[in-house]
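Reviewing the structure listed below.
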Amino acid sequence: MNLGRYIGLLALIFSLYILWQIRQLLLLVFTAIVLATALNQLVKLLHRWKLKRSLAIWLSIGTLLIVLSVFLVLIVPPFIQQFERLLELLPSSIVEIEELLLRISGFLPEQPWLDFTEIDNLFQQIQPLIDRFLGESLKIFFTSINTILQVILVLVLTLMLLSNPAPYKYLFVRLFPSFYRQRVSEILVRCETALSSWTTGILIEMLFITALSGIGLWILQVPLALAHAIIAGLLNFIPNVGPTLSVFLPMAIALIDAPWKAGAVLILYVIIQQIESYWLTPTIMAKQVSLLPAITLTTQLIFASLFGALGLLIALPLTIVVGTWIEEVLFKDILDKWKKSLQTRI
């Protein structure tokens, strides 16, 4: 290797190091790109109704802000009140569970494994941990200035990308050699199509989960049924992890009213997830974007370990984009042509 190649290699290593150091910022930029792509579908729909693109953009941004405002105003304060009530009534709920177990044991023969002294000691040990966990989680969630600033940054970047995406696309294409720029433009179009299809599918699933959860929780008379249903729909954005997380809060609040409601809520969410997994997802996503479950879970673990909570949140759209690039560049442009060239030589 001559001096120029050594300098090029060092420049590549240094560039990769800088990109790794600013990986959180790059992830926020990618989040803005995904959000802009999703809103662009609404902009195109409004543009078909003979609205100017600038007006369609502002209507789309306004719709997003209204949805966020409604979520913060109508859902967050009641959740804070329910959290406080949950922390106050948690000791009495534990006592009710103990009494229920004791009543159940009255109908059963004595068993050596039914040691309620150990159960009582266990509840006493985990109660401070539960109180501390809930208190710290609530404090971190609602007092993190860093999270608020990141949300504002994402919204600003989304507005910039949505208002005039052509210069940013042109700048990105210019990073590649001239002979490959046309191909990069085609790949970007495929990425946009894949993200748009995935967005449509995931929105349908979120609405379906929200509707079923709301109806089920309303029948069970669980407090804040609408809020829990919306949370369940939003967490469905995160495959595998989101549906599991969505069940804990309604179960905890249902426990305040009656212990049996917590079990009923668990059964309800299991039924909903089975319907979604075996009927809705194959029906909707088969026409949109299909990803193997093992690949989805693996990429979630990888992105969560590399980028934290934000990586877990956007792991699926990031997987779609990376998968599109791998399919187009590695498979079609390199491996497939390599096979054809070998056949030509033979």
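The values are calculated or read from the model by the stated rules, or taken from the named source; none is laboratory data. Note that the coordinates shown come from a computational prediction; the quantities given were computed from them, not determined experimentally. Here the Cβ is made from the backbone with ideal geometry for all residues, glycine too, and neighbour counts use every protein chain on show. For accessibility, only protein heavy atoms count, side chains too; no ligands or nucleic acids. Shrake-Rupley method; radii C 1.70, N 1.55, O 1.52, S 1.80 Å.
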>> Suppose accessible area is computed on protein heavy atoms with a 1.4 Å probe; arrange 331, 303, 176, 248 from highest to lowest.
In response: 248, 331, 176, 303
>> Using the Cα atoms of the range 13-78, I'd like the radius of gyration and the largest Cα-Cα distance, Dmax, both in angstrom.
In response: 17.1, 50
> Just the accessible area for residue 279, please: 1.4 Å probe, Å², rounded to the nearest 10?
Replying inline: 140 Å²
> Any idea how far apart residue 186 and residue 244 come out in nm if each label point goes 7 Å out from Cα toward Cβ?
Replying inline: 4.1 nm
> What is the sum of charges around residue 229, taking Lys and Arg as +1, Asp and Glu as -1, for the other residues whose C-beta is under 15 Å from the C-beta of residue 229?
Replying inline: -2
> Taking 0.36 nm per intervening residue step and subtracting the Cα-Cα distance, what contour gain separates residue 326 from residue 59 on full extension?
Replying inline: 92.6 nm
> Separation between the residue 51 and residue 71 pseudo-spin-labels, each 7 Å from Cα along Cα→Cβ, expressed in nm?
Replying inline: 2.0 nm
>> Order 228-236, 9-17, 40-48 from most to least packed using the mean count of other Cβ atoms within 10 Å.
In response: 228-236, 40-48, 9-17
